[in-house]
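Worksheet: one structure, shown below.
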Amino acid sequence: MRKKRRWSMELDIFKDIEDLPKDLLEENVKNLDLPQEGELVEGVVVSIQGDQVFIDIGGKAEGTIHISEFKNEPVKVGDKVMVYVEKADGTKGIKLSKHKADFERAWDKVNDAFQNGELVEGRITKRVRAGYMVDIFGVEAFMPRSLSGDVGKTRTLSVGKLIKVKIVKADRERKTIVVSRKDALEEEEIAIKRRLSELKPGMIIKGRVSGIIESGVFVDIGGVDGFVHISELAWHRPQKIEDVVKKGEEITAKVLDVDPEKKRVSLSIKQLLPHPWESVAEKYPVGSRVKGKVTRLVDFGAFVELEPGVEGLVYISEIRWGRPPAHPSEVLREGQEIEAIVLNVDVERQRISLGIKQTQPDPWTTVRERYKVGDVVSGRIYDFDQYGAFVELDDGLIGYLHVSNISWVAKYKHPSDVLRKGKKYDFYILGINDKDHFVELSLKHLLPNPWEKLKKEVPEGTPVNIRVKGASSRGLIVELPDYRIEGFIPASQLLKKSPFDYESGKELTACVLSIEPERKRLILSEKEYDRLRKAQEKEMEKKELEKRKAMEKKPTLSLGDILKQEMERLKKLKE
């Protein structure tokens, strides 16, 4: 049992005791230390029973407040609360009011704002039939719908919304406050126009950060919101705006532009800061070694932050010696710390060219110690152009294979017709190009040159056996099987009317008209072979005829002449 029994409980006890003398009851009531009506006192919540909150206000006195006066605020036993004493009757109990206490406590602020015509901030607590209830300074004020600023049936207000209002009525006796958003909007409009007229581009002003969004910062500059785009916060683009400014922080900015019609004010913070590029040439001289962080990877290279507001670019060709990566991500990653060499500084265009490969020894400086013309090396094809293939050699250097050096005999329109990207091959070194830093390679030089053999063994005019491979309107494509070389018979040198009259695979004989090893061109003629064959046949016929004529001119011997000659031969033998 509490030492201080509630006053209401004591009254119940007095009433229950019928034989208690009346003068004794009155004496007990007089001895109670009751507060004065209209007094503001601090009390402590001692219990909550149903919709009644019991408050201990000291001096053995307790009063009650309806729970609705707490405006749905959480209240619990032990909470301290300021209350207003409405009635303090020792026999009927003590009636308290939190609402009136809040009003009394806030009255000075309300009255000052009312007398001075100031605009105050309020929060809509509920919608009522004739308008809205608005909390200002912790007390409720009434805002008629006609003063809400809404036009017609349009409703722009909702419970919980913060608004600016003007106090148009404040009655302390009746505890009544009436506010107007309409008047506040009109005054704000006038104030905004006046403020905008005062602002000029180039002015330096102070303001307070009122809001932060992804694209920038809103700044309160005396009743007008200015905006600092993220690009105008600093000379570098921050990853988080909060790294530069914070909500509520006071800042100094430069006015860039004022648009009275759209009520927009563009501001800049960075233009009041030293430009980082002013000292870039001195801080990062060409040839110096620098450290930085990779911020972005793009197809053509990597951006590297050297300091806030200063970025350099490493072109993809400057990432490593030898073959450039297909994409910078093969070698680098965003956020990576790297070292680089400054290759060029263009302050006017705000560009710094960097090279990562220059931080390592150039393998080309020792290329002639490792490679000689005629050596055979291995490499992997990593790319093509229309003239040949790029090869990454085993030590990282670049080789180049021209399409003409793929085969002695075959002609290819594009290297990809016969070679495969990513595949490894052996190559013959034709030369070393110091100017462009690549090794000239060949595949065909790994094999004997059949053109040299053909030129040596088959003089022009020699008949050769050939096989038909294909036909075009210009002539017949053939192959010399013994040399695996392709030749060509122009349509004018064919015996048949059309090249398409010849079947693929058919074997023919033709004469060599010309051999051009450098151009891989062999021209043949079926007509020439036919002419040669006919000339040979004619010559043979001529010789046969002459032989016959010679035989006809010899004398014919009789049998007697033959016997006479034979007898003379035997006689000589005997002698």
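The values are calculated or read from the model by the stated rules, or taken from the named source; none is laboratory data. This is a predicted model, so every value here is computed, not measured. Quick reminder, even Gly has a Cβ in these numbers, built from the backbone with ideal geometry, and neighbours come from all protein chains shown.
The table below lists the values:
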item	result
Looking only at region 348-371, and only at residues there that are assigned to a helix (DSSP H, G or I) and in contact (Cβ under 8 Å) with a residue 24 or more places away in the chain, the one that is surrounded by the fewest Cβ atoms within 10 Å (Cβ to Cβ)	Arg368
Residues satisfying the stated conditions in region 403-432, i.e. closer than 18 Å to Arg323 by Cβ and not in a strand (DSSP E or B)	Pro415, Ser416, Leu419, Arg420, Lys421, Gly422, Lys423
Filtered residues of region 355-389 (kept if in contact with a helix residue (DSSP H, G or I) (Cβ under 7 Å, 6 or more places away or on another chain) and more than 28 Å from Tyr412 (Cβ to Cβ))	Gly355, Ile356, Lys357
Candidates Val265, Val298, filtered to the one that is surrounded by fewer than 18 Cβ atoms within 10 Å (Cβ to Cβ) and either of a type in the set (A, V, I, L, M, F, W, C) or without any contact (Cβ under 8 Å) to a residue 24 or more places away in the chain (or both)	Val298
Within region 374-391, tally of residues that are part of a strand (DSSP E or B) and either of a type in the set (Asp, Glu) or over 12 Å from Phe438 (Cβ atoms) (or both)	9
Flag for Tyr382 being within 24 Å of Arg323 (Cα to Cα), out of contact with any Pro (no Cβ under 8 Å at 6 or more places or on another chain) and modelled with pLDDT of 95 or more	no
Filter result for Glu479 (under 24 Å from Lys496 (Cβ atoms) and either modelled with pLDDT under 95 or of a type in the set (A, V, I, L, M) (or both))	yes
Selected residue [aliphatic (A, V, I, L, M), in the same structural domain as Thr156 (by TED's automatic domain parsing) and either more than 18 Å from Arg172 (Cα to Cα) or surrounded by 13 or more Cβ atoms within 10 Å (Cβ to Cβ) (or both)] from Ile55, Ile124, Ile94, Ile67	Ile124
Lone qualifier among Val165, Val75 - being farther than 20 Å from Gly38 by Cα, of a type in the set (A, V, I, L, M, F, W, C) and in the same structural domain as Pro35 (by TED's automatic domain parsing)	Val75
Yes/no for Glu339 being surrounded by 12 or more Cβ atoms within 10 Å (Cβ to Cβ), of a type in the set (D, E, K, R) and either at positive phi or not assigned by TED's automatic domain parsing to the domain that holds Ile398 (or both)	yes
Selection within region 174-206 - touching an Asp or Glu at 6+ places or on another chain (Cβ under 7 Å) and over 17 Å from Ile251 (Cβ atoms)	Pro201
Complete set of residues in region 325-336 that are outside any helix (DSSP H, G or I), touching a strand residue (DSSP E or B) at 6+ places or on another chain (Cβ under 6 Å) and surrounded by 15 or more Cβ atoms within 10 Å (Cβ to Cβ)	Leu332
Sole residue being over 30 Å from Glu392 (Cβ atoms) and in a loop (DSSP other than H, G, I, E, B), chosen from Lys453, Lys435, Lys469, Lys496	Lys496
From the options Glu507, Glu486, residue that is in the same structural domain as Thr462 (by TED's automatic domain parsing), closer than 21 Å to Ala410 by Cα and surrounded by 17 or more Cβ atoms within 10 Å (Cβ to Cβ)	Glu486
Criterion violated by Thr125 - all others in (1) touching a strand residue (DSSP E or B) at 6+ places or on another chain (Cβ under 7 Å); (2) among the polar types (S, T, N, Q); (3) not in a strand (DSSP E or B) satisfied	(3)
Matching residues, region 143-187, being at positive phi, touching a residue at least 12 places away in the same chain (Cβ under 8 Å) and surrounded by fewer than 13 Cβ atoms within 10 Å (Cβ to Cβ)	Gly160
Any hit, region 104-112, residues being among the aliphatic types (A, V, I, L, M), within 16 Å of Asp135 (Cβ to Cβ) and either in the same structural domain as Arg172 (by TED's automatic domain parsing) or at pLDDT below 85 (or both)	yes
Count of region 444-478 residues which are within 56 Å of the chain's Cα centre (by Cα) and of a type in the set (D, E, K, R)	3
Failed item, numbered, when Val209 is tested on (1) within 18 Å of Ala253 (Cβ to Cβ); (2) crowded, with 16+ Cβ neighbours inside 10 Å; (3) at pLDDT below 90	(3)
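Here is a yes/no grid of residues against (1) in contact with a strand residue (DSSP E or B) (Cβ under 8 Å, 6 or more places away or on another chain); (2) in a strand (DSSP E or B); (3) free of Cβ contacts under 8 Å to residues at least 60 places away in the same chain; (4) among the hydroxyl-bearing types (Ser, Thr, Tyr):
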position: Gly211; (1), (2), (3), (4): yes, yes, yes, no
position: Val219; (1), (2), (3), (4): yes, yes, yes, no
position: Arg237; (1), (2), (3), (4): no, no, yes, no
position: Ala253; (1), (2), (3), (4): yes, yes, yes, no
position: Val258; (1), (2), (3), (4): yes, yes, no, no
position: Val286; (1), (2), (3), (4): yes, no, yes, no
